[in-house]
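Input: one structure, supplied below.
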């Protein structure tokens, strides 16, 4: 479903993907199956979007952004791709940003270029992400810092001295700054 008020030049858009009004998608973008691209979004040429991704209103995805499967991007989240932006001066190569499967980015967050957001990670609303985020980390603030950990099922993980089991049955342990799933 492509709304008649959308400007969609791309031909690689998966089945059951919904594109709402006032969305612009440039010709080389690739969008997977069963995605929801909400109104007032802009998707540039060298953008890859996996399956079952939600991009809420007011998001711009610039060249070099990849969203893997089951990612959620909250309203007005901002991605950047130029480390040293200057008017009328264009980078030869833009920074690449990777948002891994099942990650969620809160409303009004800013993601700097060259960042990898780990699988299942959660970025709190209004955060400024200046460095890579580990799998299953909850980060908040400016700059964003790890505030805790979350299971793929959505439950917070309370890590104390040793390994912990989530209510869904997955077992976790913390190694330096990364969470491992057993």
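The values are calculated or read from the model by the stated rules, or taken from the named source; none is laboratory data. Keep in mind the model is a prediction, meaning the values are calculated, not measured. Here the Cβ is made from the backbone with ideal geometry for all residues, glycine too, and neighbour counts use every protein chain on show.
Pairs, please: C-beta under 6 Å, at least 6 apart or cross-chain, first residue closer than 13 Å to residue 35 by Cα and in segment 1-13, second outside any loop (DSSP other than H, G, I, E, B)?
Every condition considered, the pairs that remain are 1/18; 2/8; 2/19; 12/30; 13/31.
Here is a follow-up. Across segment 122-140, what is the total count of residues that are touching a residue at least 24 places away in the same chain (Cβ under 8 Å) and in a loop (DSSP other than H, G, I, E, B)?
Summing the residues that are touching a residue at least 24 places away in the same chain (Cβ under 8 Å) and in a loop (DSSP other than H, G, I, E, B) in segment 122-140 gives 4.
Hey, among 51, 63, 69, 82, which residue is at negative phi, in a loop (DSSP other than H, G, I, E, B) and more than 16 Å from the chain's Cα centre (by Cα)?
One residue alone meets the criteria, 82.
In addition: Just wondering, is there one or more residues in segment 90-105 that are at pLDDT 90 or above and at positive phi?
yes
Being in contact with a strand residue (DSSP E or B) (Cβ under 6 Å, 6 or more places away or on another chain) and touching a residue at least 40 places away in the same chain (Cβ under 8 Å) is the requirement here; does residue 159 meet it?
No; evaluated as a whole, the condition is false for this residue.
Being surrounded by 20 or more Cβ atoms within 10 Å (Cβ to Cβ) and part of a loop (DSSP other than H, G, I, E, B) is the filter here, so list the residues in segment 85-101 that pass it.
100
Inside segment 1-39, can you point out the residues that are within 23 Å of residue 102 (Cα to Cα), in a loop (DSSP other than H, G, I, E, B) and within 20 Å of the chain's Cα centre (by Cα)?
14, 17, 20, 29, 32, 33, 34, 35, 38, 39
Next question. Do we find a residue being part of a strand (DSSP E or B) and under 13 Å from the mean Cα position of the chain (by Cα) anywhere in segment 106-114?
Checked segment 106-114: at least one residue is part of a strand (DSSP E or B) and under 13 Å from the mean Cα position of the chain (by Cα).
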